[in-house]
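Structure, as C-alpha cells:
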Amino acid sequence: MTDHTYKITELVGSSETSIDDAIRNAVARAGKTLRNMRWFEVVGTRGHIEDGEVRHFQVTIKVGFTMDDAD
C-alpha cells in the first residue's frame, strides 16, 4: 500500500436543479484546474429563495486530492 499525503480545499457548488447537481458542478469545475482529486465530503447545504420558491441549491464540499511527487 502506498502512503499518500492529501491536500484539502473547500468549494461551493450551486445549481438551480438539485443538491446532487450542485456537488457535480463543483467537482467538474474544480477538475479543470485541480489534479488527482480522490474524495469529497459535504460540509454544508443551503439555498436561495425568491418569491417563496427555491431558486438555487448551494453545497459546500471539502475535496481531497493527492499531491504530486516532488521531483
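I'd like the distance separating the alpha-carbon centroids of segment 43-61 and segment 1-37, in whole Å. Answer, in whole Å: 18.
In segment 6-66, Rg over Rh equals 1.05, where Rg is the alpha-carbon radius of gyration and Rh the Kirkwood radius from pairwise Cα distances.
Between the helical axis of 19-30 and the longest alpha-carbon principal axis of the chain there is an angle of about 40 degrees. Counting 0.36 nm for each residue step from Asp20 to Glu50 and taking away their Cα separation leaves a gain of 8.8 nm. Split the accessible area of segment 6-66 by element, probe 1.4 Å, and carbon with sulfur accounts for 47%. Per residue of the chain, the DSSP helices (runs of n ≥ 4 H) give a summed -39500 (n - 2.57) that works out to -5000 deg cm²/dmol at 222 nm. Taking all protein chains into account, the per residue accessible area for the chain stands at 77 Å² (1.4 Å probe).
The values are calculated or read from the model by the stated rules, or taken from the named source; none is laboratory data. Values in this document were obtained by computation on a predicted structure and should not be read as measured data. Quick note on the areas: whole protein, heavy atoms, side chains included, nothing else; ligands and nucleic acids left out. Shrake-Rupley method; radii C 1.70, N 1.55, O 1.52, S 1.80 Å.
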